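Take a look at the structure set out below.
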């Protein structure tokens, strides 16, 4: 096969897992598109399919494996030519994946993502091209927003987490590279940048000797076309006055911060190897509520961690009721191999985990819905993400809502709405975890 023949191939991909993993895939898809291949949405119409996997917790691994099997079946039936497996599953279980999925044509380590062109050329017997680097991406999100991965890996070594083994040590991207990437995204119509990493607040400590997240945000805010900047995965102990002042005072910063707290009980936090304790957490939340009342807080918590007594769980429930966080995600503890907590005694039975999960979800849902209804009648900026043909509504997210993880806004179609643009919307109702609104 010639290189020109290879350029006629159609490529599709399945993106699984977190937004950081999504960015990795988007960069690979751009390299393929820039090479000359056509990137398409429907895997059944593709010649080459990439399954970009997740392996963070057991459900993610199961989902990844199910998708690989489904694509293997397509290949066996002759519907697709090549199957490539990328992402965190090979990084965590390379030997097992190679043994189990013999139909896969290539199983790619994370470090080889940048060589995806050469990998595919090799599969088709094409002379390898000279590797090219680029900050550009093929967006798999709405054109209005994009994730900006500012670092990879993690140095925190939480007892339950597999990320350091999968992704390695914390490594910040150079600030000038991130600004260049953001400018490319802005030229393509992106209005909102969502900054992500395993720990965004430690950005720059490895490259510049000190945290540089606020400096990065300040430079990104100077890009004319970028209107919103949002921060996810801010570790509690690194959320300081400088960062909160920036979020409060810089017009382009979303009045929003995602702080994964994981628990409130001191014994559990110590066992998790978290660097904050109950007193610090309560003071931080009180400080934000008191001195930065416009900033919405999102967090995540784990229930059923080894040794979580009934008393510790009740303390968590009480904290949620008192803290009244705006948005919260909950996970039952998963016993992952090669983590410190895997070997701990006092593992919690699954039925207790599920019961506790349901309890905290119910408690938080009442809080979140009550706070959401306080926004009714307000006129707020909303970025339009999609159109839902079934309901006839446009779907978007307000500046105080992060897409996909928080509530959405259903906008009544007035005949002049465009996806990827920001409109002032009057919120008229809230039900079934969605706002409804109309453009003003």
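The values are calculated or read from the model by the stated rules, or taken from the named source; none is laboratory data. What you are looking at is a predicted structure, and each value in this text was computed from that prediction instead of being measured. No Cβ is skipped: glycine too gets one built from the backbone with ideal geometry, and neighbour counts run over all protein chains shown.
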Requested in this report: Scan the range 136-182 residue by residue and report those that are without any contact (Cβ under 8 Å) to a residue 24 or more places away in the chain and assigned to a helix (DSSP H, G or I).
Outcome: 164, 176
Requested in this report: Please note which strands (runs of 3 or more DSSP E) are completely contained in the range 237-342 and include at least 1 residues that are under 17 Å from residue 356 (Cα atoms) and free of Cβ contacts under 8 Å to residues at least 60 places away in the same chain.
Outcome: 296-303, 327-332
Query raised in the report: Can you find a residue in the range 388-400 that is part of a loop (DSSP other than H, G, I, E, B) and in contact with a strand residue (DSSP E or B) (Cβ under 6 Å, 6 or more places away or on another chain)?
Result: yes
Report summary line: When every residue in the range 100-135 that is part of a loop (DSSP other than H, G, I, E, B) and touching a strand residue (DSSP E or B) at 6+ places or on another chain (Cβ under 6 Å) is compared, the one surrounded by the fewest Cβ atoms within 10 Å (Cβ to Cβ) is 105
Requested in this report: May I ask you to verify whether residue 324 is assigned by TED's automatic domain parsing to the domain that holds residue 269 and within 30 Å of residue 253 (Cβ to Cβ)?
Outcome: yes
Query raised in the report: Out of the range 401-440, which residues are assigned to a strand (DSSP E or B) and within 23 Å of residue 364 (Cβ to Cβ)?
Result: 408, 409, 410, 427, 429, 430, 431, 434, 435, 436
Report summary line: Taking the range 302-338 and keeping residues in contact with a helix residue (DSSP H, G or I) (Cβ under 9 Å, 6 or more places away or on another chain) and closer than 16 Å to residue 270 by Cβ leaves 302, 305, 306, 307, 308, 309, 312, 315, 316, 333
Query - Filter pass, residue 238 being over 30 Å from residue 108 (Cβ atoms) and surrounded by 19 or more Cβ atoms within 10 Å (Cβ to Cβ) - result: no
